[in-house]
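Here is the structure we will look at.
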Amino acid sequence: MLWNKFSLEDTLGALALLQGSLSGLDPEEAEHRYQKGTREHIKKQDGFLWKIIRRRAKSSFLYILAVAAVLSFFLGQFIEALLILLFIAVNITLETYQEYHSEKAAQMLKRYLVTHSRVRRKGQVISVESDKIVVGDIVILEVGDRLPADIRFFSVNGLEIDESIMTGESMSVAKTNALLQTPPVEMNEAKNIGFAGTVVTAGKGEGIVFAIGKESAFGDIATLSEETERVTPFEKEIAVFSKFILKLVLFTLALIFFVNILIRGGETNIVELLIFSLALAVSVIPEALPVIITVALSRGSLRLAQKKVVVKRLSAIEDLGSIEVLCTDKTGTLTENALSVANIKSDNSKECIEAAFTACLENPTDRASLHDAFDLALFRTLTLDEREEAGRLKRIDAMPFDPEQRKNSVLLEGASQYKIVVRGAPEAVIAQSNDMDLYTTKALMDWVAQAGKKGERVLAVAERTFSSRPTFHEYDQGQLRFLGLISFSDTLKKDVKETLKKAKRMNVQVKILTGDSPEVSGAVGYAVGLISDPTKVYTGKQLDEMSYEKKREAIFEGVVFARVSPRQKYEIIKVLQEKQEVGFLGEGINDAPALKLANVALVVQGASDIAREAADIVLLRKSLEAVIDGISEGRIIFGNILKYLKVTLTANFGNFYSVALASLLLPFLPLLPIQILLLNLLSDFPMLAIATDHIDDEELEKPKNYQVHSIVLLAILFGAVSSIFDFTLFSIFSKVSPETMQTAWFLLSVITEIVLIFSLRSRFSFFRAKRASLPLIVLSGIILVIVLALPFTALAPALHFVRPDGFLILVVAILSVTYFLATEAMKRFYYQHFNTLGFPVRKKRVA
C-alpha cells in the first residue's frame, strides 16, 4: 500500500520520489506520463460473459438433465425431451443474466472518480479530466470536491474529509500536512493522506498525487472485487447432490444390465433390455427440479417484493435461508449514518447549542454549504426561529479546525458587541476557559467519559465578548466563558433491537464489521444487545498482530470488529466461510469486496452504486427486519425444495429398485419403457405445487443445507417400505398376465407417490401437520382422476393397459391405504430414532 510509504515522506521527499515540483508538472511532461500509461485505469472486464456461461454450464445437474433429454429423444418421447432442454436453456439464461449484473460491480467504481479536478501545472491552476491526472500532479481541493486520486498533502487549511465510503467512519477526518512519526497501520491514522473517492467537507488543501487507478487504495477495492468469484451454497449443494445421483444411477444400471445378461444368457433381448435400462435411468432423474426451484424462487421473490425487498439473483433467496452468520457494516445498517444531538450539559442549553451552531465550519446561514456531521446535527436540532436568531450575528472571520489545537473558532459581530465562539475537544476548550476550577473540570470530564462509553462524540463550547473588534489572534481565544458540552450519537435504527432478537431466535449469529472507532462500534454493539461489554471489540490492528490460529479463533469468537479495512473485512468473511455460510449486509464502497465474496450479499436503500451492483438483494425498506423476512422466506423455499427431493427420490428409487429387481425375477418386463416415462411424468405433475406448500414452524428455527446422507437414509427406509408393497402386488398379479400386472403396478405407483407427498411434507403425522396448500391438493386430485381413468380410455391399448376389474381396483385400494399407514409409522420411527442429519439420536435414560 503506497499510502503507508508516502505518509512518512516530507514534502520535498515526496516531490523527489515522484519527480514533481510545487509549481506543478510541465503540461508536456504530464501528457507524456499519461501516454506512457502511468495511470492504471480501473477498466471494465472484457469477455467475462462467456466465462459466466461456462461456469453456469458446469452444473452436474444440468449434465444429468442433458443425458435425460437425449435418452428421451432416443425413446421417442420428443415432447418430454424438448421440455427438459427448455428447462436447461431457461436455467442458464436466467442465472447468466443475474450474475452478469453482479459482475458489473467492479466497473461501478469508475463512477466515484470525479470527471474534472483542479491541478497546478507549470504554475497555473487549470481544470482537467480526472482520467488525465497523472502521478506527480499537484491537486487543489476545497469543500465539496471529491478526490480523484491518492494524495500526500503539503498544504492544509482546516481541511476535513469524509472517508466513510472507505472506512465506514461516519465522522469527517481532519487532515494535516505534517510528517507522521510512526507508520500508519489503518487508514484513519494516515492524517496527511487523502484517498481517491472521498469528499472534502471543510477547509482547503493541496497535495501531490502518488497513486491513481488500481494503484490507489480505491483501486485495491476494485481489484478485490474483480478477482473474487463466489460459489453459492445452493450451487455447491446441488452439485454434490447431482454427482451422487449420477454415480448411483450409473452403477445400479450397469449392475442390473450385466446381471440380466448373466441370468438370462442367450435368451436376453439386448436391445429391449437396453431401452428398458435407459427408460429406468430417465425415471429416477428428478427432471422437474429446475421447474420446482424456479417456481419456488419466483414466488419467494414476489413475496419479498411486497415487503420492499428486491432480489437480483433468484437463488440468493434459497441461499439466504442457509446462512449461519450475518455480518453487517454498522454505518447505515444498524445506525442511521446521521449524527444527532444526544445530550447537553449546560446551565443554559439554548445558549450553548445556538453558540455551537454559529461556530459551524461553514457559514450556517447557507444550509447547502453544511457538510460536517456536527454542523448538520446542530442544524436539525434547532428550530427555524433559533436558526434565524443565530444567523443575525454577522460572521466576520473564522479559524478552521486545527488538528493540533483540536478546535475551531469564529469572530461574530452583534448589535453592540463582538463575540468569539470556540468549539472543539472538551480538554482543549476547558483549558482556555477562565471560569473553571478543578472540581468543575473533573465533573465535566467524567461526563465526557460516560458519553464516550456510550459511543457518543462530545463538543465543548465557549465564548468571549468584546466591546470593540478584537484582533482575532490565538491570544484573544483565551479567557473564555465556558457554555457547556454537547454529545452527539449516530442514531440506532428503530427496529434494530427487535430484529436482532428475531435473528437470535432463528439461530443466525450477527457480527459487526466496521471501519469506525472501537469505542463507537462497541457502544453500538452493546446498545443493540450483541455484546455484554462495550469494550469487547477486536480492531483490525489487533487481528494483524495475531498469529494465524489466534486470528481465526478471534474471528469465530468475536462479534464486533472495528477499524477494519476493506481487505480485512474480506479476510474475516473468508475465514468464517471455512465453517459457516455467511451473509454480508453493507452499503459503502469499502464493503464491495466483502459483498462480492459473501455467500449472500445484501445492501440497504441508499447504498453506493458499487455496493448495489455487488449485491444479490437490495433492501428498499431501511430495516433489518427485511433481512429476517428474507431468511424466513429462504427457509420456506429450502423446506419445499427438500420436500420435493425427499418425495421424488424416495418414490423414484423405490420404483427403480423394485422394477430393476423384478426384471431379474419375471420372464417379462415389469413396466414397459413408455409406461415408466408416463409414470414419471404424471407423478411429477403434483410436485410443481410443492413450491406453494406450507412448512412446519420448526423448519424456520435453524439454518439448513442439503445433507445427502440424510436424504439417502430416508430414501432407503421409505424405499424399502415401497418395495414390500410392490412385491406384494407382484405376487398377486404376476401370474395373471403381463398387462394386468403392469396396469396394477402403474396405478399403485402413481397413487402411492401422491400418498408419499402428503406423508413426507411434514415431520408430524398427517393429521397434526399444517394443511397442504390449495394448489397441491388440486393438482394431486387432478392426477388421481387422470390415472384412475386412463385404463378405461381409448389410449389404454396403446399404453398396453388392460381394463381393471373390481378385484384389481380393490387390491390397489387396500394396498394404497395400507401403504399410507406404513409410511406414517415409518415416519414416526425415523424422526424418533434419527435426527435431521441422519445420525442416531441417543435417548435419555429414565431413572
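Coordinate-derived values only; no laboratory data. Fair warning: this is a prediction, and the values are worked out from it, not measured in the lab. Heads up, the Cβs are rebuilt from the backbone with ideal geometry, glycines too, and the neighbour counts pull from every protein chain shown.
The Cα atoms of segment 339-490 give a gyration tensor whose axes a ≥ b ≥ c have a/c of 1.5 or more with a/b no greater than b/c, which makes the shape oblate.
Between D697 and E553, how high is the FRET efficiency from 1/(1 + (r/R0)^6) when r is the Cβ-Cβ distance and R₀ = 35 Å? Nearest 0.05.
On the way: r = 35 Å, r/R0 = 1.00.
Once the sixth-power term is evaluated, E becomes 0.50.
Label-to-label distance, N363 versus D131, with points set 7 angstrom from Cα along the beta-carbon direction: 3.7 nm.
First select every other residue whose beta carbon is under 13 angstrom from the beta carbon of M546; then total the charges, Lys and Arg +1, Asp and Glu -1. Let's see the in-between values first.
Working: positive: K541, K550, K551, R552; negative: D544, E545, E549, E553, E557, E571.
Neighbour charge sum, excluding M546 itself: -2.
In loop segments of segment 723-806 as defined by DSSP, the trypsin sites (Lys or Arg not before Pro) with at most 14 further C-beta atoms inside 10 Å of their C-beta are K735, R768, K770, R771. Taking each residue as 0.36 nm, the span from Q124 to Q19 lengthens on full extension beyond its C-alpha to C-alpha distance by 36.0 nm.
Between S532 and K735, the contour length at 0.36 nm per residue exceeds the Cα-Cα span by 65.6 nm.
Put simply, the amide H of D616, placed in the peptide plane, has neighbours under 5 Å in A601, L602, leaving out anything fewer than 5 places away on its chain. Label sites at K36 and S468, each approximated as a point 7 angstrom past Cα along Cα to Cβ, lie 6.1 nm apart.
Here's how it looks for C327: its modeled amide H is under 5 Å from those of K511, G583, F584, L585, which are all 5 or more places away or on a different chain. Any idea how far the Cα center of segment 348-364 sits from the one of segment 749-793, in Å? Here the answer is 73 Å between Cα centres.
Estimate the FRET efficiency between R763 and A825 by the formula 1/(1 + (r/R0)^6), using the beta-carbon distance for r and 22 Å for R0, to the nearest 0.05.
Numbers: r = 14 Å, r/R0 = 0.63.
Approximately 0.95, to the nearest 0.05.
What FRET efficiency, computed as 1/(1 + (r/R0)^6) with R0 = 30 Å and r the Cβ-Cβ distance, is obtained for L384 and E413, rounded to the nearest 0.05?
Here the calculated transfer efficiency is 0.85.
Once both labels are positioned 7 Å from their Cα atoms along Cα-to-Cβ, the gap between K5 and E28 label points is 2.9 nm. Fully extending the segment from Q306 to N348, taken as 0.36 nm per residue of separation minus the present Cα-Cα distance, adds 10.2 nm. For K307, the aspartates and glutamates whose Cα falls under 14 Å of its own Cα, not counting residues fewer than eight places away in the same chain, are E625, D629, E633.
Loop-only check: which trypsin sites (Lys or Arg not before Pro) in segment 395-442 are DSSP coil with at most 16 other Cβ within 10 angstrom? Don't skip to the end; give the middle numbers.
Values: sites: R395, R406, K407, K419, R423, K442; in loops: R406.
Those that pass, being in a loop and sparsely packed, are R406.
What is the sum of charges, Lys and Arg at +1 and Asp and Glu at -1, for the other residues whose Cβ falls under 12 Å from the Cβ of K454? Overall, the nearby charge balance is -1.
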